[in-house]
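Contents: one structure, followed by commentary.
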Amino acid sequence: MPEGLNLNKIIAQRGMSISDATKRVADLGWTPSYVQEAMTFPTDYKIKKTPRDPMKQVLRSYFPMQEEKDNRVYGALDAALRGDMFRNVQPRWVEWMKLFLAIIPFPEISAARSMAMVGRLAPGEELRTGFAMQMVDEFRHSTIQMNLKKWYMENYIDPAGFDITEAAFGKCYASTIGRQFAEGFVTGDAITSANVYLTVVAETAFTNTLFVAMPSEAARNGDYALPTVFLSVQSDESRHVGNGHSLLMSLINDPDNHLLLERDLKYAFWQNHAIVDAAIGTFVEYGTTDRDKNKESYAELWHRWIYEDYYRTYMLPLEKYGIKIHHDDVAAAWDRIVKSNYVHLTAQFFSVGWPVNFWRIEAQTERDFEWFEHKYPGWYAQFGNYWKWYAKLSEKGQTNVLFNADTGYTYPHRCWSCMVPCLIREDFTYDTVEGKVYTYCSEQCRWTHKVAFAAEYEGRPTPAMGRFSGRREWEECYHGWDLADAITDLGFVRADGKTLVPQPHLHFDDAKMWTLDDVRGHILGSPLIGFRALSDAERVTAAAEYRKGFTINPIN
Amino acid sequence: MSATTGKTPQKSGAAGAAQFAGWDSRKYNYFEPKGRKASHYEDMTVDVQPDPKRYLLQDWIISFADGTPTYDERWTEVKSSDWHKFRAIDQEWERTHYQRQSTIVGMISNVIENGRRSGAPKRFDKAWVKTLSDHLGAYKHAEFGLGTSTMQAQRYGYTQMINNAILTNSSYKLRFSQDVTLYLGELALDIEGIDQEAGKHHWLEDPIWQGTRHAIEAVMGATDYLEQYFATNIVFEPLVAELFRSGFIMQMAASQNDFMTPAVVSAAEGDYERNLANAVELFSILALDPTHGEANRKLFVHWFEKHGQLAMLAAHQMQPVWSLPRVKVAQFSDVFDLQKNRARAIAAEIGFDVRQTLDR
Ligand SMILES: [Fe+2]
Ligand SMILES: [Fe+2]
Ligand SMILES: [Zn+2]
């Protein structure tokens with residue numbers, strides 16, 4: 001056969017070009033004239049009906065491409081088992097997957113649901129096709145993650161916590177933080193939630209930390225499954241980012257939308273930071289056993305992805321459309337991570353709360369201390385003693401760290417906005433909204449609740465904007481309960497009816513594992529109920545006291 | 001070893017490396033499987049969308065301005081004493097969905113490729129080519145309308161099982177509307193007489209299609225997501241969609257020397273079998289609901305009446321299409337009777353009576 005000639009070339013026939021195909025497919029839509037489509041998910045934005053940046057893809061190339069990706073994922077999972085991955089996996093890491101994978105399938109499927117909302121508003125059919133593909137992608141992400149979790153449950157040494165996963169998701173104080181993230185995609189103003197919060201901020205900025213930082217750390221801990229699944233998930237994101245940007249561009253030229261866009265970019269950026277950095281920062285920094293000083297810390301990753309890639313190359317260029325970008329919030333988020341120890345305080349809080357978790361957290365050790373001090377100078381002075389206390393109090397028979405007064409830790413208030421506790425004590429603030437007092441981790445979170453999620457914004461009516469609702473302070477649900485009863489009610493007890501699902505160590509040994517009896521006799525309370533009961537003057541004093549923070553006592 | 005060294009005492013992190021409380025609890029244990037043991041589909045799906053009546057301790061934490069929570073049972077007029085009972089019959093989760101969708105894509109592209117290579121389109125009857133161009137071209141918009149309706153509807157369901165079944169329904173419909181679009185585009189590369197603009201023109205203006213367009217727009221415009229799902233699968237599909245796909249295209253094509261189009265269109269028949277099975281399962285659970293069954297059945301009769309009238313009108317207006325092919329092997333009245341029986345049987349399976357609409 002002459003060179004350059006092959007079977008494919010001989011039998012190839014002319015097909016439709018991809019641009020012709022997308023153009024034809026885009027012509028499937030029409031404007032109804034017999035029955036109008038109801039605008040069931042409202043928005044206060046105005047959307048110009050000018051399509052932009054059309055997707056050059058049709059479903060007949062999409063499905064085989066995705067199936068091929070799937071084949072690689074499932075092939076890799078099989079290979080991991082054949083290679084005995086779990087013999088060398090780090091349990092410290094896999095334990096945190098009980099929390100992470102309990103949370104993430106719901107945000108994923110919420111993203112699928114939110115495509116209904118932007119699908120109706122889409123300016124032009126090309127974009128709607130893009131949203132349809134994204135809907136199916138997100139269905140993919142949700143169920144492929146449920147599959148990964150089941151796979152861990154079947155193959156990892158301690159399945160407790162995986163086995164109750166969706167029930168635990170509904171009950172745990174930490175997974176509610178993730179639910180704030182997910183409900184934010186689908187509830188309230190359709191553009192605020194499904195475009196700005198989900199795509200313009202969460203997918204464009206923060207999926208890198210979620211779906212790229214996590215896999216790298218997983219691999220360092222002997223877990224090759226998570227990278228396979230999550231890098232495959234992440235490979236769909238560039239299309240989603242494109243969809244979101246197209247829709248953003250169809251809003252941004254209308255000056256009428258600028259005020260709302262500024263509000264939503266501020267809310268979405270701050271809340272994504274507060275939620276994602278708390279959770280993923282903790283998983284990556286505290287769930288790992290790899291203490292290679294050459295690897296990037298979460299702070300370094302953040303600087304690269306959020307500051308350089310997102311803030312400088314995505315957000316800043318929006319200024320040329322006349323949008324005010326909240327530079328101070330980006331700087332403040334960075335300061336919270338590098339100066340105020342946001343991630344470390346979060347990890348500390350999760351570990352203090354271990355008896356009401358549904359995964360294990362083991363103590364950080366000298367090896368870890370060294371790495372933390374190297375990456376975050378000053379870390380040891382603030383957290384060294386705490387983790388030594390934690391190690392000591394992890395022994396069955398001790399008074400658990402949550403109720404042990406010897407440590408000097410004081411339990412934090414809960415932020416009504418981001419649901420993470422008010423961990424950076426000096427930033428603590430509170431306010432009255434519709435006659436009730438609420439506590440916040442930061443000024444930005446106070447603003448989010450009181451100013452952004454309201455019926456008007458800077459004098460402009462915002463009838464489509466959502467509201468915060470529900471029993472947002474988790475502690476209130478168990479106010480006055482005995483810790484053991486609360487754990488039973490949460491369902492965080494193993495099959496023997498007494499051993500706790502969570503443990504403050506990685507001993508896979510009944511003799512060392514805590515039971516209900518080891519934690520009984522301590523009463524949980526809601527900081528907010530107490531704070532609300534104070535007089536105005538007492539509250540000022542209490543807040544000032546809270547802002548002073550606490551010092552962990554030395555341990556010998 | 002002191003506790004402060006914190007070293008993992010376990011050598012292996014693999015299942016069975018140690019035995020302790022809960023070491024062998026290796027099944028999702030928070031829901032009641034439909035069968036003896038949970039299917040993989042159930043494990044992937046059940047309870048991923050939470051519910052304050054089940055495990056959602058803190059309730060929904062964001063609401064719409066009027067206080068409506070993130071998910072609300074009142075988004076449909078149907079009532080259920082247990083929304084969580086429904087399981088999709090096709091057991092679809094992501095992997096099976098992509099496998100099936102790409103198998104169909106592969107099947108269709110083989111048919112088109114081989115057909116074109118053998119010059120098949122050039123042998124199509126001339127009148128038939130125009131019929132495909134005008135009327136299959138118009139019909140693809142109906143499929144697209146159902147695709148976007150179900151895309152909208154999948155936001156509202158009260159459980160993950162319901163929403164995912166509606167989502168895959170949407171994915172199937174959207175794929176098929178594109179299949180037909182691109183098929184016609186590829187025929188146009190080989191033969192004269194395929195006008196790619198004609199279909200939309202007929203869809204928007206030809207009296208033959210106005211009843212269908214009205215019926216579809218009524219589905220798109222419905223604000224009750226289960227009404228959309230019902231109108232799609234229980235009313236429009238049997239009375240109009242299958243009538244055209246199966247009662248016209250599939251039956252007529254061969255006699256017009258066209259062996260390609262039926263293969264393309266048959267994919268939609270397979271899709272519908274699955275969507276129908278899911279929908280019948282859901283609506284019969286609701287029709288049999290111990291508390292709300294009777295009210296639900298009344299509502300189904302009402303929905304069938306509302307969308308059935310439009311569908312009947314659509315079908316009748318479509319009748320002239322049957323006289324377009326040169327070789328007439330199927331009669332409208334015969335195939336329509338068949339489809340009415342089909343609709344009757346589907347309704348009977350769910351548990352309500354549609355004679356008052358169909359026998360009019
Ligand atoms: Fe996703
Ligand atoms: Fe996404
Ligand atoms: Zn906050």
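Summary table below
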quantity	calculated
Distance in nm between pseudo-label sites at A:I18 and A:D431 (7 Å out along the Cβ direction from Cα)	4.7 nm
Shielding by partners, peptide A:136-146 (average Cβ within 10 angstrom, other chains)	6
Where labels lie 7 Å past Cα in the beta-carbon direction, separation of B:H40 and B:E77 in nm	4.1 nm
Estimated Rh, the range A:77-397: Kirkwood, alpha-carbon pairs, angstrom	20.4 Å
For the range B:103-205: accessible area per residue (Å², 1.4 Å)	26 Å²
3J(HN,Hα) from dihedral phi, the range A:232-248, Karplus parametrisation 6.51/-1.76/1.60, rounded to Hz, x for glycine, proline	5, 4, 4, 5, 7, 5, 4, 5, 5, 4, x, 4, x, 5, 4, 5, 4
Calculated from backbone phi, Karplus (6.51, -1.76, 1.60) coupling profile of the range B:71-77 in Hz, x at Gly/Pro	10, 9, 4, 7, 6, 9, 6
Sulfur and carbon atoms: percent of accessible area, the range B:219-360 [1.4 Å]	53 percent
Eligible lysines near A:K388 by straight Cα distance, threshold 24 Å, same-chain separation 8 or greater	A:K293, A:K339, A:K375, A:K396, A:K512, A:K548, B:K7, B:K11
Carbon + sulfur, % of accessible area of the range B:84-217 - ligands and nucleic acids excluded, 1.4 Å	54 percent
Nearest-0.05 FRET efficiency for A:K46 and B:E269, computed from C-beta distance (R0 56 Å)	0.85
Label-point separation, A:E538 to B:S284 (7 Å along Cα→Cβ), nm	6.3 nm
Where A meets B: accessible area buried, both sides, 1.4 Å probe, Å²	9900 Å²
Helix-derived mean residue ellipticity, 222 nm - over the protein assembly as shown, DSSP H n ≥ 4, -39500 (n - 2.57), to 500	-15500 deg cm²/dmol
Estimated vicinal HN-Hα couplings, Hz - the range A:101-118 in sequence order (Karplus 6.51, -1.76, 1.60; Gly, Pro = x)	7, 6, 7, 5, x, 6, x, 4, 6, 5, 4, 4, 4, 5, 5, 4, 6, 6
Calculated P(r) of the range B:58-183 - Cα pairs past 19 Å, %	64 percent
List of the range B:39-68 residues, accessible area with partners at least 50 Å² below that of the chain alone (1.4 Å probe)	B:M44, B:V48, B:Y55, B:L57, B:Q58, B:I61, B:I62, B:S63, B:F64, B:A65
Taking the range A:49-160 and dividing mean pair separation by its residue count, relative contact order in percent (alpha carbons under 8 Å, at least six apart)	38 percent
Rg to Rh quotient for the range A:16-139, alpha carbon positions, Kirkwood Rh	1.12
Angle in degrees between helix A:342-352 and the longest Cα principal axis of chain A, rounded to the nearest 10	50 degrees
Residues whose placed amide H lies under 5 Å from that of A:Y156, excluding near-sequence neighbours	B:A15
Sum of side-chain charges, B:G145 neighbourhood, beta-carbon under 11 Å (Lys, Arg +1; Asp, Glu -1)	0
Longest DSSP-loop-exposure-free segment, GluC sites (Glu not before Pro), chain B, at most 11 other Cβ within 10 Å	B:1-191
Residues losing 20 Å² or more accessible surface upon assembly, the range B:157-185, compared with the chain by itself, 1.4 Å	B:Q160, B:N164, B:L167, B:S171, B:L174, B:R175, B:Q178, B:T181, B:L182
Mean accessible surface per residue for the range A:77-397, computed with a 1.4 Å probe while every protein chain stays in place, in Å²	22 Å²
Cross-link reach list, aspartates and glutamates versus B:K122, counting only Cα pairs under 12 Å and skipping chain neighbours closer than eight places	B:D190, B:E192, B:D258
0 to 90° range, to nearest 10: angle between helix A:327-338 axis and chain A longest Cα axis	40 degrees
Kirkwood-type radius of chain B, with distances r between different C-alpha atoms, in Å	22.6 Å
Span-rule helices in chain B, defined as complete DSSP H runs reaching 15 Å or more along the axis (Cα) with Kyte mean at least -1.0	B:94-117, B:137-153, B:160-190, B:207-221, B:261-287, B:293-318, B:332-350
Mean Cβ count within 10 Å, highest first, over the residues of peptides A:132-142, A:361-371	A:132-142, A:361-371
Environment charge of A:N221, counting only residues whose C-beta is closer than 9 Å and scoring Lys/Arg +1, Asp/Glu -1	-1
Nearby aspartates and glutamates by direct alpha-carbon distance to B:K340 (threshold 18 angstrom, same-chain neighbours under 8 apart not counted)	B:E237, B:E242, B:E269, B:E273, B:E305, B:E349, B:D353, B:D359
Neighbour-limited loop hits for GluC sites (Glu not before Pro), the range A:447-486 (at most 10 other Cβ within 10 Å; DSSP other than H, G, I, E, B)	A:E458
Area of A:R336 that stays accessible when all protein chains are in place (1.4 Å probe, Å², to 10)	10 Å²
Quotient of Cα Rg and 2.2 N^0.38 Å for the protein assembly as shown, N being how many residues it contains	1.00
Whole-angstrom gap from the range B:183-204 to the range A:178-247, using each part's C-alpha centre	40 Å
Local net charge near A:D431, Cβ-Cβ under 9 Å (Lys/Arg +1, Asp/Glu -1)	+2
Residues with amide H under 5 Å from that of A:L500, placed H, sequence gap 5 or more	A:R494, A:W514, A:T515, A:L516
Tensor-based shape of the range B:1-132 (alpha-carbon gyration tensor, a/c under 1.5 rounded, otherwise prolate or oblate)	oblate
Accessible surface of chain A [probe 1.4 Å, protein heavy atoms]: carbon and sulfur percent	51 percent
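The values are calculated or read from the model by the stated rules, or taken from the named source; none is laboratory data. Please read these numbers as outputs of a predicted model, since none were measured by experiment. Glycine gets a Cβ as well: all are built from the backbone with ideal geometry, and neighbour counts include every protein chain shown. Just so you know, the surface numbers come from the protein's heavy atoms only, side chains and all, with ligands and any DNA or RNA stripped out. Shrake-Rupley method; radii C 1.70, N 1.55, O 1.52, S 1.80 Å.
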